[in-house]
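A.B. asks: This is the structure I have questions about; it appears just below.
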Amino acid sequence: MATSEEVARLAGVSRATVSRALNGSARISDNARERVHAAVTALGYEPDVVAQSLVRQRSRVIAVGLFPEANGLPLSHLGQTSLYFYLGVVENIEREAVSLGYDLLLPSQPYGKSPNNYIRSLQTRRVAGSILLHASEARIRALIHSAIPSVFIDRIVQGSHASYIKSDNIDGARQATEHLLALGHRRIAFLIGSTIDLAGLERLLGCQQALAQAGIAPDSGLVCQSGWNIDEAYEAARVLLAERRDFTAIVAGSDFMAMGILRALTEEGLRVPDDVSLIGFDDIEFCHYTTPPLTSVRQDRVAMGRGAVQRLVAMIEGTEEPSPLILPTQLVVRKSTGPVPKELR
């Protein structure tokens with residue numbers, strides 16, 4: 001097993017520098033940090049996290065709250081397409097945590113009916129902080145009232161030891177709608193996962209703002225809430241198509257929702273984009289493999305995951321006050337959007 005002395009020798013630094021690099025200290029140059037991490041990777045060195053925790057009287061463990069809490073088994077929800085985007089976020093949370101010398105914990109039990117059970121579980125395990133991708137209002141309140149530093153993803157929560165990170169959903173949806181307006185579309189349908197969720201509400205708001213700026217009155221009949229899963233969007237699109245077909249474009253709440261909608265349109269003999277233009281949200285890798293390739297609004301999963309860890313570690317180490325991070329979004333135009341059909345102009 002490699003030692004810290006061997007890491008120091010390979011990186012050309014002192015053992016103290018190795019320690020600072022692995023502990024996420026700011027008292028080290030970026031160049032030295034990179035050399036240390038390269039040496040760690042090359043040698044397969046694994047720092048003794050338990051020993052580090054005992055020395056500092058604080059653990060090097062970050063709890064990650066994954067997905068719905070209903071059954072206390074966070075990994076049981078991984079098959080849901082509604083959560084696919086967040087898998088990439090979790091991947092980057094892990095990468096950044098490891099690079100800063102932290103381990104991740106996915107607590108499953110005890111949850112119980114009281115959110116205080118969750119807090120006690122984290123305190124018993126002496127976690128340094130928590131990152132939550134999904135959480136009930138009760139659990140959010142419990143974390144805010146605890147002394148555990150926390151970062152929330154896609155929830156606006158701010159406090160003395162809590163902050164959040166999210167995408168600029170409003171601007172992303174505005175970009176998508178303005179793109180369709182520039183192509184001549186005026187009757188645009190919006191299939192949103194749920195306006196109970198912050199992301200769904202903000203995306204609908206961005207679409208409506210773009211319409212208002214273009215002087216187009218909203219049509220409530222072209223706004224549908226379906227749930228975020230691909231099958232739910234497919235069924236919602238079928239209902240919409242059975243009711244009316246006077247729209248020429250659809251903005252979906254996510255890419256997987258757009259894929260469900262694409263199937264419904266195809267089954268009804270409607271071509272994308274010749275008959276109906278379609279835009280998703282997230283820009284997951286599968287957008288390249290739909291027929292046609294899907295125009296989408298890109299969220300930065302790398303920046304979201306890394307930013308969550310960096311903000312949390314800053315709170316844990318006391319180097320920064322809690323501050324939110326709102327990430328820019330970007331429209332990526334592919335082949336699923338086009339001009340309004342000539343007969344409808």
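The values are calculated or read from the model by the stated rules, or taken from the named source; none is laboratory data. The structure presented is a predicted model; accordingly, all values stated were derived computationally and were not measured. We place every Cβ from the backbone using ideal geometry, glycine too, and count neighbours over all the protein chains shown. What goes into the accessible areas is simple: the full protein's heavy atoms, side chains included, and nothing from ligands, DNA or RNA. Shrake-Rupley method; radii C 1.70, N 1.55, O 1.52, S 1.80 Å.
A.B. asks: Relative to the Cα centre, what is the charge dipole magnitude of region 228-340, using +1 at the beta carbon of each Lys and Arg, -1 at the beta carbon of each Asp and Glu, and rounding to the nearest 20 debye?
C.D. replies: Charge dipole of region 228-340: 280 debye, to the nearest 20.
A.B. asks: Calculated from DSSP H runs of 4 or more alone, at -39500 (n - 2.57) each and per residue, what is the 222 nm mean residue ellipticity of the chain, nearest 500?
C.D. replies: Mean residue ellipticity, 222 nm, calculated: -13500 deg cm²/dmol.
A.B. asks: State in Å² the accessible area per residue of the chain; use a 1.4 Å probe, count heavy atoms of protein chains only, and round to the nearest integer.
C.D. replies: Ligands and nucleic acids excluded, the figure is 46 Å² per residue.
A.B. asks: Rounded to the nearest 10 Å², what accessible area does H161 have for a 1.4 Å probe in the complete protein model?
C.D. replies: Accessible surface of H161 is approximately 40 Å².
A.B. asks: Now for a different question. Carbon and sulfur atoms: what percent of the 1.4 Å accessible area of region 192-274 do they account for?
C.D. replies: 52
A.B. asks: Place +1 on the Cβ of every Lys and Arg and -1 on the Cβ of every Asp and Glu in the chain, take the dipole about the Cα centre, and give the residue among A199, A142, F152 whose Cα lies farthest towards its positive end.
C.D. replies: A142
A.B. asks: While we're on this one: Pick out the long, greasy-scoring helices in the chain: whole DSSP H runs spanning 15 Å or more along their own axis by Cα, mean Kyte-Doolittle at least 0.0.
C.D. replies: Long hydrophobic helices here: 84-99, 198-213, 230-243, 255-267, 301-317.
A.B. asks: Still on this structure: Given H placed 1.01 Å from N in the peptide plane, which residues other than close sequence neighbours of L104 have an amide H under 5 Å from its amide H?
C.D. replies: I62
A.B. asks: With the chain treated as a Gaussian network of Cα nodes joined by springs under 10 Å, which of G101, G318, G305 yields the largest mean-square fluctuation?
C.D. replies: G318
A.B. asks: While we're on this one: Would you mind giving the three semi-axes, in whole Å and largest first, of the ellipsoid equivalent to region 214-273 according to its Cα gyration tensor?
C.D. replies: Over the Cα atoms of region 214-273, the ellipsoid semi-axes are 18, 14, 11 Å.
A.B. asks: Additional query: With a 1.4 Å probe and every protein chain left in place, tell me how much accessible area T41 has, in Å² to the nearest 10.
C.D. replies: Approximately 110 Å² for this residue.
A.B. asks: If every alpha-carbon in region 211-345 counts as one equal scatterer, what log10 I(q)/I(0) does Debye give at q = 0.14, 0.20 1/Å?
C.D. replies: -0.71, -1.17
A.B. asks: Using +1 at the Cβ of each Lys and Arg and -1 at the Cβ of each Asp and Glu in the chain, identify which of L278, L22, G307 lies farthest towards the dipole's positive end.
C.D. replies: L22
A.B. asks: Right, something else. Take every DSSP beta bridge with both residues inside the chain and express the antiparallel ones as a percent of the total, to the nearest 5.
C.D. replies: 10
A.B. asks: How many angstrom separate the Cα center of region 114-141 from the Cα center of region 282-345?
C.D. replies: 27
A.B. asks: Taking volume of the Cα convex hull per residue in Å³ as the quantity of interest, determine which of (i) 195; (ii) 167; (iii) 154 was computed from the displayed structure.
C.D. replies: Among (i) 195; (ii) 167; (iii) 154, the one calculated here is (iii).
A.B. asks: Near the amide H of I250, under 5 Å away, which other amide H atoms are found, from residues 5 or more places off or on another chain, if H is placed in the peptide plane?
C.D. replies: Hits under the 5 Å cutoff: A189, S277, L278, I279.
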